[in-house]
Amino acid sequence: MRTNIISYLFIVGLISLTMFACTVDDGDSKITPNQSSFLDNTAELIFSSYQTFNSSVNELNNSIDSLSIRPNSTTLSEARKNLKTAYLNWQQVSFYEFGPAKTASLKSSLNVFKTDTTQILANITSGNYNLDQISMKDAKGFPALDYLLHAKSDTAILNQLISNGNTRDYLKAISNDIKVKVNQVVNGWNTYKNDFKTAMGTDIGSSTGILINSLNLHFEQFFRDNKIGIPLGIRSSGIPRPDFVEAIYGQYSVELAVENLKAMKTLYLGGSGSGLDDYLIASEASELNTRILSQIQLIEMKLNILSDPLTQQIQTNSTQVKEAYDEMQKLIVLWKVDMPSRLGVLITYQDNDGD
């Protein structure tokens, strides 16, 4: 009887130890179930965002074709409206610069600003250009369309389109280049999303590692710096450079920044599914998650105080722009240092600005 009791207690103890190891182990065993749900949900969230973006790019391309065939106030207005919609939808996916997007160099193909207006005009004059050349990265994409559709008065733009076939051709070439690149990425995600879902763990080649690195790189260099810091003068010894704002001619720079932050927040929360917030909570980092959400809310508040055009805001009330920048800086510590540390992710990209 004593032997049976000892055997029973041994088995119960063994089962308990096994259950304990599966729930609190420092390795992947504790968070692997949550990670699987997180990767499944994130892959579908990204793919859905790309599909929405792709649809808006196709609409933009159609409206550019219509404007080129029949340049008038109606087709110009429609092209501008669709440009803004596509530009806003770009903010939903711009920080996923990995997988198919990295292969297509999507970010450098679609949104290098400020745009090189001298190169654009030279291309139009010559009618001879190759938009796939690296030297053309700041003479195409959304910033180039922004220039061609907004930089002059409606009458001047329409007269140019009517009288100059090269202008029409260049406008269509830029729009088609965007369409081809985005379609390529969406088609790539049809198969890549399965690879993304199955690349478990948190090492350099894992989906979680790639995603967190991509998110941080974008937030630090392309959101904080390019959208706000560089125009404000943070990288030029305090001398403002308002001509470097995004969508400078359409004058909806702040709106794009707000949309971009909103999209990154959606990724963090996982939309209606499992997100990085759940991942942190499962890793016993609820307090860090609370701090991150509070900081995102502060950035949202500071950005919503700003108004377009951002160029004017920088020149007349730079203090409010600087306050928004400062709150962005605080989130970097949480996202780039604390969150990767808790999840076992190594930040692999290089930041050479001393921050």
request  = Could you tell me which of the residues Ser274, Ser307 is hydroxyl-bearing (Ser, Thr, Tyr), farther than 27 Å from Lys102 by Cα and in a loop (DSSP other than H, G, I, E, B)?
outcome  = Ser307
query = Is it the case that some residue within the range 129-151 is surrounded by fewer than 16 Cβ atoms within 10 Å (Cβ to Cβ), of a type in the set (Lys, Arg) and free of Cβ contacts under 8 Å to residues at least 60 places away in the same chain?
reply = no
task = Can you run down the residue pairs with Cβ atoms below 6 Å, 6 or more apart or on separate chains, where the first is in the range 246-270 and within 18 Å of Tyr96 (Cβ to Cβ) and the partner is in a helix (DSSP H, G or I) and at pLDDT below 95?
result = none
inquiry  = Cβ contacts < 7 Å: first residue farther than 12 Å from Leu161 by Cβ, restricted to the range 59-77; second residue among the basic types (Lys, Arg) and assigned to a helix (DSSP H, G or I), any location; separation 6+ or different chain. Result?
reply    = Asn61/Lys179; Asp65/Lys172
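Do we have any residue at all in the range 1-12 that's closer than 28 Å to Gly270 by Cα, at pLDDT below 50 and of a type in the set (Val, Ile, Thr)? Break it down stepwise before answering.
Step one: list which residues in the range 1-12 are closer than 28 Å to Gly270 by Cα, which gives none.
Taking every residue of the range 1-12 in turn, none turns out to be closer than 28 Å to Gly270 by Cα, at pLDDT below 50 and of a type in the set (Val, Ile, Thr).
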Selected residue [surrounded by fewer than 17 Cβ atoms within 10 Å (Cβ to Cβ) and more than 18 Å from Gly229 (Cβ to Cβ)] from Leu293, Leu267, Leu288 = Leu293
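Evaluate the following for Arg235: is it in the same structural domain as Lys322 (by TED's automatic domain parsing) and outside any helix (DSSP H, G or I)? Talk me through it step by step, then tell me what you get.
Details: in the same structural domain as Lys322 (by TED's automatic domain parsing): yes; outside any helix (DSSP H, G or I): yes.
Considered against the rule, which asks whether it is in the same structural domain as Lys322 (by TED's automatic domain parsing) and outside any helix (DSSP H, G or I), Arg235 comes out as yes.
Residues are listed down the side, and each one gets a yes or a no for (1) modelled with pLDDT of 95 or more; (2) over 25 Å from Leu256 (Cα atoms); (3) polar (S, T, N, Q):
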position	(1), (2), (3)
Gln297	yes, no, yes
Leu306	yes, no, no
Thr311	yes, no, yes
Leu331	yes, no, no
Trp335	yes, no, no
Asp338	yes, yes, no
Val345	yes, yes, no
Gln350	no, yes, yes
Asp355	no, no, no
The range 189-247, residues that are crowded, with 17+ Cβ neighbours inside 10 Å and among the acidic types (Asp, Glu) = Glu220, Asp225, Glu246
request  = Report whether or not Thr316 is more than 22 Å from the chain's Cα centre (by Cα) and over 30 Å from Gln35 (Cα atoms).
outcome  = yes
query = If you go through the range 140-157 one residue at a time, do you hit one that is out of contact with any strand residue (DSSP E or B) (no Cβ under 8 Å at 6 or more places or on another chain) and more than 17 Å from Gly250 (Cα to Cα)?
reply = no
query = Can you find even one residue in the range 196-218 that is under 23 Å from Leu83 (Cα atoms), assigned by TED's automatic domain parsing to the domain that holds Leu276 and either at pLDDT 95 or above or basic (Lys, Arg) (or both)?
reply = yes
ask   = Any chance the range 28-37 includes a residue that's modelled with pLDDT of 95 or more, crowded, with 16+ Cβ neighbours inside 10 Å and either of a type in the set (A, V, I, L, M) or under 17 Å from the mean Cα position of the chain (by Cα) (or both)?
value = no
query = Which residues, counting only those in the range 48-57, are surrounded by fewer than 17 Cβ atoms within 10 Å (Cβ to Cβ) and in contact (Cβ under 8 Å) with a residue 40 or more places away in the chain?
reply = Gln51, Thr52
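Please go through the range 277-303 and give me each residue that is in contact (Cβ under 8 Å) with a residue 60 or more places away in the chain and assigned to a loop (DSSP other than H, G, I, E, B), ordered by number. Break it down into steps so the answer makes sense when it comes.
Within the range 277-303, the first condition is being in contact (Cβ under 8 Å) with a residue 60 or more places away in the chain, and the residues that meet it are 278-280, 282-283.
The answer is Ser283, and nothing else.
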remark   = Of the conditions (1) under 18 Å from Leu215 (Cβ atoms); (2) surrounded by 18 or more Cβ atoms within 10 Å (Cβ to Cβ), the single one that Ala282 does not satisfy is (1)
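The values are calculated or read from the model by the stated rules, or taken from the named source; none is laboratory data. Quick caveat: nothing in here was measured; it's all calculated off a predicted structure. Cβ coordinates were reconstructed from backbone atoms using ideal geometry, including for glycine residues, and neighbour counts include every protein chain displayed.
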